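Notes for the one structure printed next.
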Amino acid sequence: MIRITLLTLLIAYLSVYAWKDWFRAACWLVLLMAIFQHPDMPKAIGGVPGLNHWNFLFANTVLSWLSNRKKEKLIWEMPKFINTLLFMYAFFITLSVVRYLYDHSGLLALFEVTGSPAPRMVSDINEYLINCFKWVLPSMIIFDGCRTRKQYNFALGALALMYILLALQVIKAMKLGSLTLGGDALQHKALKIISKSVGFHRVNVSMMMSGAFWLVFCLKELVSTKHYWYFILPSCFIIFLAMALTGGRTGYGTWAVLGGVYCLFRWRKYILLIPLVYITVIAFAPSAVERLSFGFSSEESAESQPMNGDQDIEFEGEEVDLYEVTSGRNLAWPLVWESITEAPFFGYGREAMANIGITLRMREMYGKFDSFPHPHNAYLQWIQDNGFVGAIPVFLLYFIFLKYSWSLFRDSSEKIYIVTGGVSFALLMSFFIASIGSQTFYPREGAVGIWVAIGLLLRVYIEREKICNGVKSTLLSE
């Protein structure tokens with residue numbers, strides 16, 4: 001009760017302060033994402049759906065931004081091509097929801113079989129449409145308002161601190177002793193505890209931590225040696241522990257891939273630490289190593305055969321259990337691709353996999369497949385829902401973001417370029433890699449940090465273009 005009261009007072013203060021400084025209020029929205037998905041946080045005030053602390057501050061921040069930006073004579077400086085792609089992105093999100101609302105009979109049939117409650121139009125519109133834009137809007141506000149180095153530092157600090165606070169919650173919930181468990185036991189414990197205690201699914205947390213580690217590491221370019229030892233390294237260690245505790249194999253692999261890229265192209269001296277890191281992980285987190293190799297041992301495959309009985313492949317004297325390695329995705333993806341080939345241009349609308357009967361079909365073919373209401377692949381999901389016509393502009397938009405981030409990261413003329421490029425590249429790549437086995441291109445809670453990084457990326461990229469064209473930049477001239 002005391003925590004909720006203090007939280008209410010903080011939100012009340014920030015909501016008033018938002019009318020004075022909407023930019024910092026938007027940064028606070030990002031920081032508060034670390035706690036507002038926590039199950040203990042109130043989801044409604046006075047029984048009104050959607051009326052909660054975060055949304056109240058969000059509404060005040062957006063209204064202040066819309067009413068004050070013209071008074072401050074701010075110009076919307078987003079490149080026209082990016083504006084167009086963002087508009088198309090929003091259009092296909094909206095169109096997919098409209099198509100879903102027009103016909104979701106397949107979903108109703110699935111719910112009758114499983115006994116789940118039928119979908120309601122109001123909640124579906126809120127979840128599938130309004131929230132998609134809500135989680136992106138703070139990043140657009142930050143992009144528009146970030147005009148000075150102080151504002152940039154404040155936004156970047158809020159983003160980093162959000163991930164650190166999330167990591168601390170994971171460690172508190174899971175306990176360090178969990179690292180001594182077996183890989184399968186770690187996975188099941190993380191699945192049960194992280195969602196219940198932190199509010200994010202363990203897979204999402206794993207993705208976020210794999211990128212957040214390198215986000216915080218990149219900050220060393222902007223801080224003194226003292227801050228490097230007392231803030232950067234301890235924060236990296238905290239995030240690494242949280243990532244290990246999620247039991248997320250994709251997160252482990254993503255972290256290693258990003259580390260290899262950064263060491264090869266920017267910080268080569270850290271390559272010498274790779275053997276030390278490997279030995280340390282084996283010694284203190286054997287469950288993480290076991291999770292990473294899950295499905296690749298012959299003993300494991302013998303004990304856990306896939307449902308269709310023919311998914312084992314010989315690999316250098318050992319059996320690779322594709323069912324275990326992909327967590328059943330090898331059975332779902334062919335069916336998804338088959339449906340895509342039947343409607344390649346515009347897809348089927350939101351929640352296509354469940355709505356066109358693939359989830360029910362898998363349930364009938366293989367038994368217990370309630371965990372496949374969507375393809376567990378963001379690329380296939382978006383194409384299945386919106387077709388290749390909807391996929392081309394969206395995938396192109398993300399590719400441009402990645403290209404911009406790499407361009408800045410490789411530019412050594414300013415420290416801010418390296419940091420902004422490194423931060424955005426880490427979060428984007430962690431999302432792209434994780435999207436192979438999970439995630440979604442429909443923006444949700446876990447994507448807030450990614451979009452904030454994109455907002456800062458676009459701002460710094462535009463300011464660099466100003467400098468190249470001989471125009472003074474208030475952000476880079478300080």
Phe58 being within 23 Å of Leu397 (Cα to Cα) and in a helix (DSSP H, G or I): no
Test: residue in segment 60-83 that is closer than 21 Å to Leu9 by Cα, open to solvent by 70 Å² or more (accessible area, probe 1.4 Å) and in contact (Cβ under 8 Å) with a residue 60 or more places away in the chain: no
Matching entry among Leu456, Leu427, Leu476 (being in contact with a Cys (Cβ under 9 Å, 6 or more places away or on another chain) and hydrophobic (A, V, I, L, M, F, W, C)): Leu456
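Given the options Ala352, Ala391, name the one that is closer than 16 Å to Ile93 by Cβ, among the small types (Gly, Ala, Ser), modelled with pLDDT under 95 and in contact with a Phe, Trp or Tyr (Cβ under 9 Å, 6 or more places away or on another chain).
Ala352
So that you can scan it fast, the table gives a plain yes or no per residue for (1) modelled with pLDDT of 85 or more; (2) under 23 Å from Leu457 (Cβ atoms):
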position: Phe111; (1), (2): no, no
position: Thr114; (1), (2): no, no
position: Ile141; (1), (2): yes, yes
position: Gln169; (1), (2): yes, no
position: Lys172; (1), (2): yes, no
position: Leu179; (1), (2): no, no
position: Ser195; (1), (2): yes, no
Residue match in segment 24-34 (condition: open to solvent by less than 40 Å² (accessible area, probe 1.4 Å) and part of a loop (DSSP other than H, G, I, E, B)): no
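Quick grid of which residues meet (1) modelled with pLDDT of 95 or more; (2) over 17 Å from Lys175 (Cβ atoms); (3) of a type in the set (A, V, I, L, M, F, W, C):
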{"residue": "Val198", "(1), (2), (3)": "no, no, yes"}
{"residue": "Leu219", "(1), (2), (3)": "yes, yes, yes"}
{"residue": "Val223", "(1), (2), (3)": "no, yes, yes"}
{"residue": "Phe240", "(1), (2), (3)": "no, no, yes"}
{"residue": "Ala244", "(1), (2), (3)": "no, no, yes"}
{"residue": "Gly251", "(1), (2), (3)": "no, yes, no"}
Check on Tyr152, surrounded by 13 or more Cβ atoms within 10 Å (Cβ to Cβ) and more than 20 Å from Ala25 (Cβ to Cβ): no
Extreme residue, farthest from Asn204 (Cα to Cα), among residues of segment 361-380 that are crowded, with 20+ Cβ neighbours inside 10 Å and modelled with pLDDT of 85 or more: Leu380
Counted residues, segment 193-227 - those being open to solvent by 30 Å² or more (accessible area, probe 1.4 Å) and over 19 Å from Gly421 (Cα atoms): 10
Lone unmet requirement of (1) within 20 Å of Pro79 (Cα to Cα); (2) in contact (Cβ under 8 Å) with a residue 12 or more places away in the chain; (3) acidic (Asp, Glu) for Glu414: (1)
Matching option when the condition is assigned to a helix (DSSP H, G or I), under 23 Å from Phe92 (Cβ atoms) and touching a Phe, Trp or Tyr at 6+ places or on another chain (Cβ under 9 Å), among Val448, Val423, Val460: Val448
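Which of the residues belonging to segment 381-394 are more than 17 Å from the chain's Cα centre (by Cα) and either hydrophobic (A, V, I, L, M, F, W, C) or surrounded by fewer than 24 Cβ atoms within 10 Å (Cβ to Cβ) (or both)?
Ile383, Gly387, Phe388, Val389, Gly390, Ala391, Ile392, Pro393
The values are calculated or read from the model by the stated rules, or taken from the named source; none is laboratory data. Values in this document were obtained by computation on a predicted structure and should not be read as measured data. Neighbour counts run over all protein chains shown; Cβ positions are idealised from the backbone, glycine included. The area values use the complete protein model at the heavy-atom level, side chains included, leaving out ligands, DNA and RNA. Shrake-Rupley method; radii C 1.70, N 1.55, O 1.52, S 1.80 Å.
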